[in-house]
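The values are calculated or read from the model by the stated rules, or taken from the named source; none is laboratory data. As the structure is a prediction and not an experimental result, all values here were calculated from the model. A quick note on method: Cβ atoms are made from the backbone with ideal geometry, for glycine too, and the neighbour counts reach across all protein chains shown.
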Amino acid sequence: MKLTELQEDNPARLFQGEASGRAFVVPAALRRMLPLLAAIAALLVLFSLWVPQGRFLTAANLLDLTQQISVNAILAFGLTLVILIGGIDLSVGAVVAVAGVVSVSLLNTAGPVAGCLGGLGVAVLFGAANGLFAARTLMPPFIITLATMLIARGVALGFNESRPLPIGDNQHLFLALGNARWGGWLPMPVVIMFAVFLVTALLLHGTRFGQHLFAIGGNREAARFTGIPIARHEVIVYALCGACAGLAGMIHASQLYSAEPAAGQGFELTAIAAVVVGGTSFSGGIGSIPGTLLGAIIIGILDKGLNQAGVHFSLQYIVKGAVILAAVWYDVRRRNRKL
Amino acid sequence: MTRTNATHAPLLELRGISKRFGGVQALDRVDFTLQAGEIHVLLGENGAGKSTLIKIIGGILRPDAGEIRFQNAPVQIRNVAVAEQLGIRLIHQELALAPNLSIAENLFLGREPSRFGLLDRRRMVAEAERLRAELGLPEMGDVRARVGELNVARQQLVEIARALAGQLRILVLDEPTAALSEAETEALFAKLRRLRAQGVGIIYISHRLEEISRIADRITVLRDGRSIGTQCATDLDIHQLIRWMVGRELKGRYPRPPYQPGKVILSVRGLQAPGVRGVSFDVREGEVLGFAGLVGAGRTDLARALAGLAPLRGGEILLDGRPLWLRSPQDARTAGIALVPEDRKREGLVMTQTVGFNLALPWTHLWARGFPPDHARRAAIIEKALRSFAIKPGSPDLGIQTLSGGNQQKVVVAKWMEQPPRVLILDEPTRGVDVGAREEMFAIIGRLVARQMAVLLISSDLPEVMNLSHRLALYRDGCIVRQGFATDFTPEEVMMELTGAAAGAQSEAHDGSPAQERLPHV
């Protein structure tokens, strides 16, 4: 009886939707994207009707939108890797501020190259420290990065007596990071966001390293038994997340024409929201970089749309909270039905 | 010359391997040899040391003493990587797969094909398909399917396929057929025979005696960490194997409580619940009903159902002749059914808290009804429990984790006794406790029974469950295969039933389907 059952087992019937198609992750990943794409379409329609005088759905407005989401998206790409392996990094918002003040103060004293390297370097250091603590101690990442968040904030506030550090008008290169337009129209932060998107997406979805991150998040023991160097991978992932925060911090400073020691407060939470709305499982093992991009876009549209529609800011918070709840609830339900 | 030498020397030889965990001698000077091209079955009761032995072979544990020789040369299997290099692959009892990845991705985990640093998914799928065809595992299914969506049997096939990929000299399987159907088992056996023909040495751990005659070349029995003996399949003597397995003196150390049964308290009729497939039994006041079975027979599922922890799906439960439908642990408790769970650290105790906290926890409705809480009442509850169960040390403010395993277990039992339940379910009450604490636990069972409590005793220790129980229910695959007075059974008989050897023999006699014969209640 069991035997005939097995012989009749037709993979296409058993694994509906997985049938045919040459690559095996892309179609599944695409299917996961569909609800997000639908949500984006729905939001665009909603706000184009709601925002008066058709001011929402214009090319200039949408370009402005992509510019506004770029910093959050860059943070979220790094965080996706961390959350995917079952970790969390609360320090990214504070690292945005540290990277800003370090790069700008070096910029004004030692030149643009030193500024950029310094800003990125200090951010990678914070990330690597998070990773080392997470990999080598039993401390939970939430607590580790809560502590390094406070430390990073303290470091940032220690610069220039906590006052903003203005960027010299002659720092064209650094100011271009946040304000130049590539080809005369595409904001530079958006260009950088796409570059980071491509690099992280390729890393996660196209390399052995990325494959191992999925394995670590899915079943740490199995990953260990197959000889994957978990500790090393963990340090690299947190360091990459730090690098993303550093890049975001410099763009943010450039956009503001000054490095603010108090910058980036709460950025970590908006970035986490983008990651989870984008379908990454908080318990690890499931997620994607394209999903995170769509998640960041959804959060961005909500922000801008509600603003332009004239919704009171208190109500904006409530709506955003409700949207995050709904998105994650839908995702969890769908996943449970499948497994 | 050297070649003939190599073929005659054993592929793997263990000499005098010992391993101790704390106070327990898990392995005591074990000798074991494995030839190339043989299937060597390792047999033994739970806790006999089989798992420890194979973990040493697989580089997961290191022996305290003894020598390992591989192809006649001494080796140190320091870690999993060394074992893999030697071509030793373990298939664990618990599956070690990433559920979020596809079959192909799991097969190549840690050795993914890549080109210019980029993952070559197309080749991965193609090689997985090739591997599947080559290994004759079509049942594995679409290699692009996510492993988490497969049933356990298919996951097991994936695990086997992963072990078979690449250089393989020694394959160790720990109860691989536990979750497989008859057809799947036969497919696995065919595969193992093919590997044997290719010169792979296979160590096969099983409880199921019926499988031995089908697959084994040699059988080694372990008991209490010692190798008792080895048989060749050509002169197989099942009865001797069973004697080797149960071997030790069964009488004397176990004081069976005097049997003074009262009226029937609990009647279970055709109970259906997750893992429970139509169970019926009665238990009386002052009676110990033992559930004998192998690990994985599903006795814990029954315990959970009776404690209101699992949804009931059918059948009925009568308490004092009145129907009782359990929806929650609260229902069970109100009815007077208490469970001492199998995993005391996870399910029985709040490990971060004190002895007193744990003892007082079930009785908050007595001492913390209003404000302020009745500290005197709480202290009295704790004091009574500590004293009547002789819990040592008897200080309520000590952290529970500072107590020995035996005393922790006494706390789990004692915490129910402020208002004693009528039916007490003990799930493996002596697991992980030392000899002295075992005897104390036996004495406690005797005292509870003398107070007309009904005790359901689940134990995988055969001598224990046979000698403490008044009546015995033999449990296999989610149902009771046989029940009767404990004194009417011999250990050999029980072992035959529990391992399925009896059903196997029966089905051969009837010339019927073994799969159906294995399920007496269906």
Residue under question is B:Asn46, and the condition is that it be in contact with an Asp or Glu (Cβ under 9 Å, 6 or more places away or on another chain), modelled with pLDDT under 90 and not in a strand (DSSP E or B); does it hold? yes
Out of the residues in the range B:363-422 that are farther than 22 Å from B:Gly336 by Cα and β-branched (Val, Ile, Thr), state the one that is surrounded by the fewest Cβ atoms within 10 Å (Cβ to Cβ). B:Thr402
Residues located in the range B:70-89, provided they are farther than 27 Å from B:Ala161 by Cα and either within 14 Å of chain A (Cβ to nearest Cβ) or in contact with a Pro (Cβ under 8 Å, 6 or more places away or on another chain) (or both): B:Asn72
How many residues are in contact with a helix residue (DSSP H, G or I) (Cβ under 7 Å, 6 or more places away or on another chain) and under 27 Å from B:Glu492 (Cβ atoms) if we restrict to the range B:180-205? 6
Determine the pairs where a residue that is more than 13 Å from chain B (Cβ to nearest Cβ), located within the range A:218-241, has a partner that is outside any helix (DSSP H, G or I) with Cβ atoms under 6 Å apart, the partner being 6 or more residues away or on another chain. A:Val237/A:Ile85; A:Cys241/A:Asp89
Could you please find all residues in the range A:50-67 being crowded, with 20+ Cβ neighbours inside 10 Å and over 12 Å from A:Gln308 (Cα atoms)? A:Gln67
Evaluate the range B:275-284: report whether one residue or more is assigned to a helix (DSSP H, G or I) and either without any contact (Cβ under 8 Å) to a residue 40 or more places away in the chain or touching a Lys or Arg at 6+ places or on another chain (Cβ under 7 Å) (or both). no
Assigned to a helix (DSSP H, G or I) and within 14 Å of chain B (Cβ to nearest Cβ): is that true of A:Ala215 in this structure? yes
Out of B:Gln401, B:Gln419, B:Gln409, I need the residue that is at negative phi, within 20 Å of the chain's Cα centre (by Cα) and either assigned to a loop (DSSP other than H, G, I, E, B) or not assigned by TED's automatic domain parsing to the domain that holds B:Leu302 (or both). Which one? B:Gln409
What are the residues in the range B:113-131 that are crowded, with 22+ Cβ neighbours inside 10 Å, in contact with a helix residue (DSSP H, G or I) (Cβ under 6 Å, 6 or more places away or on another chain) and either more than 7 Å from chain A (Cβ to nearest Cβ) or of a type outside the set (A, V, I, L, M) (or both), if any? B:Met124, B:Ala128
Entirely in the range B:127-236, the helices (runs of 4 or more DSSP H) that have 1 or more residues that are over 25 Å from B:Asn106 (Cβ atoms) and in contact (Cβ under 8 Å) with a residue 40 or more places away in the chain: B:182-197, B:209-215
Identify all residues within the range B:143-157 that are among the β-branched types (Val, Ile, Thr) and touching a Leu at 6+ places or on another chain (Cβ under 6 Å); write none if there are none. B:Val147
For the structure I just gave you, tell me whether A:Ala248 is of a type outside the set (Asp, Glu) and either at the interface with chain B (Cβ under 10 Å from one of its Cβ atoms) or in contact with a helix residue (DSSP H, G or I) (Cβ under 6 Å, 6 or more places away or on another chain) (or both). yes
Give the residues of the range B:90-103 that are closer than 14 Å to B:Ile160 by Cα and within 7 Å of another protein chain (Cβ to nearest Cβ), sorted by residue number. B:Ala96, B:Leu97
Within the range A:124-148, count every residue that is touching a residue at least 24 places away in the same chain (Cβ under 8 Å), surrounded by 21 or more Cβ atoms within 10 Å (Cβ to Cβ) and under 10 Å from A:Ser91 (Cα atoms). 5
Filter the range A:278-326 for residues that are part of a helix (DSSP H, G or I) and in contact with a Ser or Thr (Cβ under 6 Å, 6 or more places away or on another chain); which is nearest to the other protein chains (Cβ to nearest Cβ)? A:Ile289
